[in-house]
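Visitor: Sharing a structure here in structure tokens format.
The values are calculated or read from the model by the stated rules, or taken from the named source; none is laboratory data. None of the values given here were measured: they were computed from a predicted structure. Note that each Cβ is placed from the backbone with ideal geometry, even for glycine, and that neighbours are counted across all protein chains shown.
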């Protein structure tokens with residue numbers, strides 16, 4: 001029986017609305033890092049960032065591979081943002097998480113400090129018993145399958161089929177599905193589901209979806 005025991009949550013653009021502007025602010029800091037710290041010409045930054053994403057999964061992994069940057073220096077720089085300009089406490093989300101008795105884990109390509117600040121501002125840190133961040137899964141990152149295997153080990157997961165992955169990225173969810181996880185795509189824009197996952201517009205819809213999945217397991 002594939003009883004759901006653990007919910008893995010992505011962080012950015014999943015726990016809060018993607019139109020908050022926060023990810024755009026982080027991307028601007030990434031571009032600033034590429035310009036000021038790495039010396040990439042301004043007119044090449046967009047191309048380099050996209051190339052790194054396609055080849056390595058994240059800009060950081062590309063910079064580590066091709067420029068040997070220090071991951072902690074990079075993460076500190078790109079997450080140096082006044083988060084409360086973009087996100088606020090979300091009591092409705094807290095109520096949703098409270099209704100779900102399952103174990104909850106953050107699994108993110110950001111770092112732990114950024115994750116903790118986001119959870120704190122949203123008012124939901126007490127619902128998560130673990131944060132698995134980009135430094136925990138070095139030298140990998142989502143969507144690399146090795147990153148998920150490390151996350152399973154760190155979370156004490158022996159059966160991915162008893163886990164659900166929630167993410168705004170279909171690439172990340174594709175890997176999760178291939179490893180046996182059930183997947184929920186958090187995306188307010190697309191009107192249809194994807195073959196590998198269930199789509200919800202926001203996390204407020206989560207209890208009904210999890211309830212339906214649990215009924216399927218009975």
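Visitor: Out of the residues in region 154-184 meeting the condition of being touching a helix residue (DSSP H, G or I) at 6+ places or on another chain (Cβ under 7 Å) and in a loop (DSSP other than H, G, I, E, B), tell me which one is surrounded by the most Cβ atoms within 10 Å (Cβ to Cβ).
Guide: My answer is 181.
Visitor: Something else now. Residues to consider are 11, 34; find the one that is in the same structural domain as residue 110 (by TED's automatic domain parsing) and either in contact (Cβ under 8 Å) with a residue 24 or more places away in the chain or in a helix (DSSP H, G or I) (or both).
Guide: Answer to the selection: 11.
Visitor: Of all residues in region 185-198 being more than 18 Å from residue 97 (Cα to Cα) and part of a strand (DSSP E or B), which is farthest from the chain's Cα centre (by Cα)?
Guide: Only one residue tops the list, namely 194.
Visitor: May I ask you to list the residues in region 38-51 that are in contact (Cβ under 8 Å) with a residue 12 or more places away in the chain and touching a helix residue (DSSP H, G or I) at 6+ places or on another chain (Cβ under 6 Å)?
Guide: 38, 45, 49
Visitor: Filter region 103-131 down to the residues that are surrounded by fewer than 16 Cβ atoms within 10 Å (Cβ to Cβ) and under 21 Å from residue 5 (Cα atoms) and list them by number.
Guide: Selection gives 125, 126, 129.
Quick grid of which residues meet (1) in contact (Cβ under 8 Å) with a residue 12 or more places away in the chain; (2) not assigned by TED's automatic domain parsing to the domain that holds residue 133:
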residue: 61; (1), (2): yes, yes
residue: 65; (1), (2): no, yes
residue: 70; (1), (2): no, yes
residue: 98; (1), (2): yes, no
residue: 122; (1), (2): yes, no
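Visitor: Next question. Determine, yes or no, whether residue 137 is assigned by TED's automatic domain parsing to the domain that holds residue 156, crowded, with 19+ Cβ neighbours inside 10 Å and either without any contact (Cβ under 8 Å) to a residue 60 or more places away in the chain or out of contact with any helix residue (DSSP H, G or I) (no Cβ under 7 Å at 6 or more places or on another chain) (or both).
Guide: Values: assigned by TED's automatic domain parsing to the domain that holds residue 156: yes; crowded, with 19+ Cβ neighbours inside 10 Å: yes; either without any contact (Cβ under 8 Å) to a residue 60 or more places away in the chain or out of contact with any helix residue (DSSP H, G or I) (no Cβ under 7 Å at 6 or more places or on another chain) (or both): yes.
For residue 137, the condition - assigned by TED's automatic domain parsing to the domain that holds residue 156, crowded, with 19+ Cβ neighbours inside 10 Å and either without any contact (Cβ under 8 Å) to a residue 60 or more places away in the chain or out of contact with any helix residue (DSSP H, G or I) (no Cβ under 7 Å at 6 or more places or on another chain) (or both) - is met.
Visitor: Which numbered condition in (1) within 21 Å of residue 57 (Cα to Cα); (2) out of contact with any helix residue (DSSP H, G or I) (no Cβ under 6 Å at 6 or more places or on another chain) is the only one that residue 188 fails?
Guide: (1)
Visitor: Would you kindly identify the helices (runs of 4 or more DSSP H) lying entirely within region 57-109 that contain at least 2 residues that are within 14 Å of residue 119 (Cα to Cα)? Outline the logic, then answer.
Guide: Values: elements: 59-67, 71-78, 91-99.
In region 57-109, 91-99 are the helices (runs of 4 or more DSSP H) which contain 2 or more residues that are within 14 Å of residue 119 (Cα to Cα).
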